[in-house]
Amino acid sequence: MEKHHGHAASNAATMNRGPAWLDVLQGGSGLVLVLFMWAHMLFVSSILLGVDAMYAVARMFEGEFIFGRPYPLLVSGAVAFVSLIFVLHAIVAIRKIPASYREYRLFLRHASIFKHSETRLWLVQVITGLVLMLLACAHLYQMLVNPGAIGPYASADRVWSGRWWPLYLVLLVSVEVHGGIGLYRLALKWGWVNPRSGAAGREQLRRVKWAITGFFLALGLLTLAAYMKLGYEHRHNVGERYVPQQQAE
Ligand code: HEM
């Protein structure tokens, strides 16, 4: 169990009690997950460029362009790796929730060094984090055990006929909001903005945060809509796989 020393409300440095390396682990794993999600969204959104673009991305991750034939196990390997970082991040974060909660309450009671909006952001992050734990696990397990079922038709069938779109919708909003706030807090904590710029710097950082979140939310919604439309059109041929024109001839 964690030991608590000193007076929590005495100064801002006591914000993150507990071993410092846990903080680094939480921030580091969070940053890796955010970067992964940016890449993930770009790859998944290849469907917006057309079915052939998405097909090529899916085959690329199966190593087809290197080995000459697809190895879906490579995808499972990547999923296992991402899942590990995800679990690590969740465990460290959960461990810190009660202590952080006590600190925030104290801060607020003691005439609040931090603005209320910061506390609200923290609460949103706790809630979206819990949602993510549930929904991301379902998605990751699905990808882990069905690595070969990724492609324009296979994915669209899953999204529409497999009824995964409601889960993706909630997962998308949660992950973008959670990652955006997480990145914002990391930028403050790790001093990516000039501390002397004070409230103005923080305000600017918030605008950047919303721009990033807005971009990936819009891209994600468009992408999801594209899979839903394709899945709807393909609803009478569920299970049939997409074959590119040149291969079909
Ligand atoms: C290596 C691990 C992962 C792989 C291989 C993967 C793969 C995919 C694929 C192929 C799709 C397209 C839909 C489908 O085929 O069902 C998709 C959609 C999605 N994934 Fe992942 N995913 C991974 C990890 C994650 C994680 C960790 C999250 C979030 C915590 C996530 C969130 C989403 C969301 C929100 C969508 C819907 C896309 C949209 O709404 O635009 N994925 N993923």
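Taking 62, 203, 176 as the candidate residues, the one with maximal mean-square fluctuation in a Gaussian network model of the chain, Cα springs under 10 Å, is 203.
Region 127-178 and region 33-75 have Cα centres lying 16 Å from one another.
Lys-Lys pairs in region 19-237 that are eight or more residues apart or on separate chains and whose Cα atoms lie under 24 Å of each other come to 6. Within the accessible area of the chain, the carbon and sulfur atoms contribute 69%, probe 1.4 Å, all protein chains present. Per residue, the convex hull around the alpha carbon atoms of the chain comes to 140 Å³.
When nucleic acids and ligands are ignored and a 1.4 Å probe is applied, residue 46 ends up with an accessible area of around 10 Å². Helical runs (DSSP H, four residues minimum) scored at -39500 (n - 2.57) apiece and divided by the length of the chain put the mean residue ellipticity at 222 nm at -25000 deg cm²/dmol.
Between 172, 217, 205, the Gaussian network model of the chain with springs among Cα atoms under 10 angstrom shows the greatest mean-square fluctuation at 205.
Comparing 150, 66, 94 in a Gaussian network model of the chain where C-alpha atoms under 10 Å apart are linked, the largest mean-square fluctuation is found at 66. Span-like helix criteria (full DSSP H runs; alpha carbon extent of at least 18 Å along the helix axis; mean Kyte-Doolittle hydropathy of at least -0.5) are satisfied in the chain by 20-44, 73-109, 116-145, 165-189, 198-233.
The values are calculated or read from the model by the stated rules, or taken from the named source; none is laboratory data. Note that the coordinates shown come from a computational prediction; the quantities given were computed from them, not determined experimentally. Heavy atoms of the whole protein, side chains included, go into the accessibility calculation; ligands, DNA and RNA do not. Shrake-Rupley method; radii C 1.70, N 1.55, O 1.52, S 1.80 Å.
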